Structures are given as structure tokens and as C-alpha cells.
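Shown next, in C-alpha cells, is the structure this report addresses.
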Amino acid sequence: MDDADKLKGTAGQVRWVALRYGLALASVAAALGLARAFAYFHLPQSFGTFALSAIAITFWYAGTGPGSLAALLSSVERDFLFDPQTSIESRLLFDLVFLVFALLMTRVVRGRKELEQRVAERTAELTRSNDDLKREIAEHYQAEYLTGQVFECSPDTILIIGRDYRYKRVNPVHQRNWGRSAESIVGMHVAELVGIEFFEHKVRPFLDRCFAGESVRFEEWFDNAMGHKFLAVSYSPLWSGSGQVEAALAISRDLTELVLASEALRHAQADLAHASRMTTMGELTASLAHEVNQPIAAAVTGASTCVRWLTRDNPDIAEAREAALGVVRNGKRAADIINRIRSLSKKGDLHRQPVDINEVILEIIALLRNEAQRYSISINTDLAEELPKVMADSLQVQQVLMNLIMNSIDAMKEIDPPRVISIRSQSAEDRQLTISVSDTGIGLPPQQADKIFDAFFTTKSHGIGLGLRISRTIIESHGGRLWATPNSPSGANFYFTLPVTLASTE
């Protein structure tokens, strides 16, 4: 506030004080004038009556200070008007009357102010209550409007079903699904619309749980008059003011297209993973042929030896038996290799079950060891003992390991020895296993290490950039994660985690 405003405020206060005390002077002067006029015309009215009126007016309109001044002035004026012969007792009596009247008016004014304050406070309280009530009404109407908009505009089916299993309210989606108006559905028993059997098996059990106060949510395939649908359904109790469930709010969302699209995506990913495996198997043709040829050649040699022992003049049955057992061992070895190749080459549905991760690692090493030896690469393992099993599809985990090991082999083909691949398994936190594949190759691409898991990113002249992307997708679908770090002094480390089965942690 500046000086001009302060001056204006002070001037206003001075005027107000002058008016209040001016009223005291004016009212007493008017009382005196009236008393003299009445005395001049010999009318029976004393100054005391007019003075008391002046005091009352001043107290009422100007307050206690001016009122007290009016009482004092009236007393002084009265003394001047008294006959000099009037006794002191009479004068004191009039002064006492003015004093008592002033005190009474002071209490009256104070009571009026208190009353006005209480009235103002009550008025303000009522105003606030009225504003709050208006706001609550507006919010209530707004909430009802928004609720109605949600009910009418939601893409989901929304229903309110009473305890008598009759529809109380339905939204337009439900009307469209059944090709009926809301008027024809409201009041109808649910079984009349969906059928007795469907109601008894798929609706009533959940409604009864809801009417008992339980919120129910589930997802399931349904076959009814609307067709074969996958629905996410929820039943929520609607409580009355007395704490009783008076109805159920049912909401269902049609997820059929989403589920079918997810299934199609899963099949597409499986096809892509199979194609990736077949591409890798094609790259391993020479090594796999050599891997299979070794036990077959050994079996042929053993069979020839067995024949020679049996066709001698004195057949040596013991030596022939030993040679025959060697044929059996090599035949089983060849069969195992072929079965591993066949399992990696087959295309089928995912089948997750408890898997010993160390067995999976050793199987894929047996399949790829010959490819590593072609480039003078040694494969070292550090597999923790008695690891809990993981819930996984062994074929997919083998594919991840094959991708990582083949990447390590590719990274070390052109470098000087030593060329080493280290594979390690160990327990990790949060009921998970960590598997790592490390090499001493060329390492991660500089300034692009964060892109190696992107689809179609590759540093190989013959690569298509899908191996690591597919591997990460597989691991994440199992609830784990796959990442890479530089190895010291050279090479790369690839880690992935898999959650252990609940049975393994008990």
C-alpha cells in the first residue's frame, strides 16, 4: 500500500469518528432545542425525556464512546436547566438516571454487536454450507453424468444384475451383442437370455460369490449364442447403505481377436526360430556330417573286425563279442547324434517342463564340439552342481545356446590363439539361474554394443541379424533376460537367466 492509499484510509477513519461524535453533539443539541420549545409553549415534557432519547440514538447508531459523550453532555445540560433552588439530591438523581441509562445502553449495544457477530457467523456458515451443498450436488450430477458416459460409451459389456438374477441395467454393447433393446432386456432373468445350462455353469456360480461380497475376475473361452469367444470377465459387488450387497456389476471384455493375434504371433515366432535353427544347421553341415561319420566308420570297422574273428579257422568268440559290442556303442553314439540333430530340426508346439540346464549345455556342446575343433577352439565348462531345474522348453534353450556358441566361434575364426569358449552355470538371486557364454574373440562392435539385439543388425558378411533377437525373445518369454558385456582383455560375455521351478525351491 502506497502513501496516498494510507492517507485516504486515515482520512476516512477521521471522518467516521467525526460523524459518530458529531451525532452525539447533534442529538443532545436537538434534545435541548426540543425541551426549550416545549417549555416555551408550556407543554408538559421535560428535557430528561428528550435527553434519554438522544442518548439511546447515539448509543445505537454511533457506539459506546459517542453514547457516553451524549450522556455526559445531557447531564451537563440538565444542570444548566435546573432551577438554582433545586436541591442537590434532585440533580444527583437525574445524573444517576443518565448514568444507569448509559450503562444499560452500553450492554444493549454490546449485546447487539454480539448478536450481529453471531448472525454474521451463522450467515457465513450457512453460506458455506449452501456452497458445499451446491458443489456436492454439482459433483454428484457430474459423477452421474460421467458414470452414465462410461456406461454408455464403454467398448466393454457392462451389466448390473440384481440378487434375483435379473438385469437391472445394460449398456449398448450388450444390446448390440444380443440384438435386443435395453427395455426388452431389463427385468429379464439372465437364464432367459443366455440359456439355462450356460447360466447354471458359467454365470450363477460367479454371481453367488459376488453376492457373498467377493470380487471375481477370470479369463476363459465361452461358447454361447454369440459364438466362440475369449472373454475377460469381472463381477464386483454393489453395496447398499446398510452394508448389504444389493446387486452385481458385471463387466466383460472381448479379447478374442487379441488372443488369436497373439497365437498367430507365437506361431510366427516359432516358425522364425525354426528357420533360424535350420539356417544354423545348414552352416554346420560339414561338421555334423563328420560328427555322424565318425561313429558310423568306427561301427563299420568294428563289424569287419568281428567278421574276421568269426571267420578264422579257430573263431575267437570273445574278441568277436568285444568287436560287436564296439559296433553297438558306436551305433548308439551315431543314433544319439542323429537324434540331437533331429530334435533341433523338428518343428512343433512349445513344451515347457522341468529341465536340467547342465544336461542341455552338455548336449549342445557335444553337437558343436567338432565345429569348434575345426578352428582350434577349445570349449571349457564350469557348471555348478545340484542346480535346481528350470521350467523351460529344452529345444528353445538349446537354440539360444547354439546361437551364442556359434557367434563365439565366428568371432574367433580369424584371430590368433588362444581361442577359448567358457560356459558357466550358477545360481542367482530371486530363484533364478545364470548361464554365461564367454569368448576371447573380436568383442562387441564399438559404439554399437546396444544394437546387437536389434532385429537385422549384424556384423557378419553372411548373417541376417536375427539370431540374437530371437534368442532374447525366447529368454524373455521364459521370464528371464539376456544381455552382453565386454570380456577382458578381449572378447565378449553373454549372460542369460532362467527362473527355477517352484518344485525345485521347496
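Overview of values
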| item | result |
| --- | --- |
| Scan of region 20-70 for residues that are free of Cβ contacts under 8 Å to residues at least 40 places away in the same chain and not in a helix (DSSP H, G or I), ordered by number | Phe41, His42, Leu43, Pro44, Gln45, Ser46 |
| Residue within region 377-391 that is within 43 Å of the chain's Cα centre (by Cα), surrounded by 13 or more Cβ atoms within 10 Å (Cβ to Cβ), at pLDDT below 90 and closer than 22 Å to Arg352 by Cβ present | yes |
| Number of the exception - Ser394 against (1) at pLDDT below 85; (2) out of contact with any helix residue (DSSP H, G or I) (no Cβ under 6 Å at 6 or more places or on another chain); (3) within 26 Å of Glu359 (Cα to Cα) | (2) |
| Residue in region 188-209 that is in contact with a Ser or Thr (Cβ under 6 Å, 6 or more places away or on another chain) and open to solvent by 80 Å² or more (accessible area, probe 1.4 Å) present | no |
| Test for Arg253: is it surrounded by 15 or more Cβ atoms within 10 Å (Cβ to Cβ), touching a Pro at 6+ places or on another chain (Cβ under 9 Å) and at pLDDT below 90 | yes |
| Which numbered condition Glu291 fails, given (1) at pLDDT 65 or above; (2) under 30 Å from Leu401 (Cβ atoms); (3) of a type in the set (D, E, K, R) | (1) |
| Qualifying residue in region 51-64 (condition: in the same structural domain as Val97 (by TED's automatic domain parsing) and farther than 21 Å from Arg107 by Cα) | no |
| Region 231-255, residues that are within 24 Å of the chain's Cα centre (by Cα), in contact (Cβ under 8 Å) with a residue 24 or more places away in the chain and not in a loop (DSSP other than H, G, I, E, B) | Leu231, Val233, Tyr235, Ser236, Pro237, Leu238, Leu249, Ala250, Ile251, Ser252, Arg253, Asp254 |
| Hits in region 341-353 (condition: modelled with pLDDT of 75 or more and surrounded by 14 or more Cβ atoms within 10 Å (Cβ to Cβ)) | Arg352 |
| Test: residue in region 101-108 that is in a helix (DSSP H, G or I) and modelled with pLDDT of 80 or more | no |
| Of the criteria (1) within 27 Å of the chain's Cα centre (by Cα); (2) touching a residue at least 12 places away in the same chain (Cβ under 8 Å); (3) in a helix (DSSP H, G or I), which one Phe198 fails | (1) |
| Long-range neighbours under 8 Å by Cβ, at least six apart or interchain, first residue farther than 14 Å from Gln244 by Cα and touching a residue at least 24 places away in the same chain (Cβ under 8 Å) within region 204-218, second open to solvent by less than 40 Å² (accessible area, probe 1.4 Å) and of a type in the set (Asp, Glu) | none |
| Those residues of region 150-190 which are assigned to a strand (DSSP E or B), farther than 18 Å from Lys202 by Cα and out of contact with any Gly (no Cβ under 7 Å at 6 or more places or on another chain), in sequence order | Arg169, Val170 |
| Any chance Pro499 is touching a strand residue (DSSP E or B) at 6+ places or on another chain (Cβ under 6 Å) and at pLDDT 80 or above | yes |
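The values are calculated or read from the model by the stated rules, or taken from the named source; none is laboratory data. Since the structure is predicted, the reported quantities are computational estimates derived from the model, not experimental observations. FYI the Cβ positions are ideal-geometry reconstructions off the backbone, even for glycines, and counts take in every protein chain you see. For the accessible areas, the whole protein counts, side chains as well, though only heavy atoms, and no ligand, DNA or RNA atoms are used. Shrake-Rupley method; radii C 1.70, N 1.55, O 1.52, S 1.80 Å.
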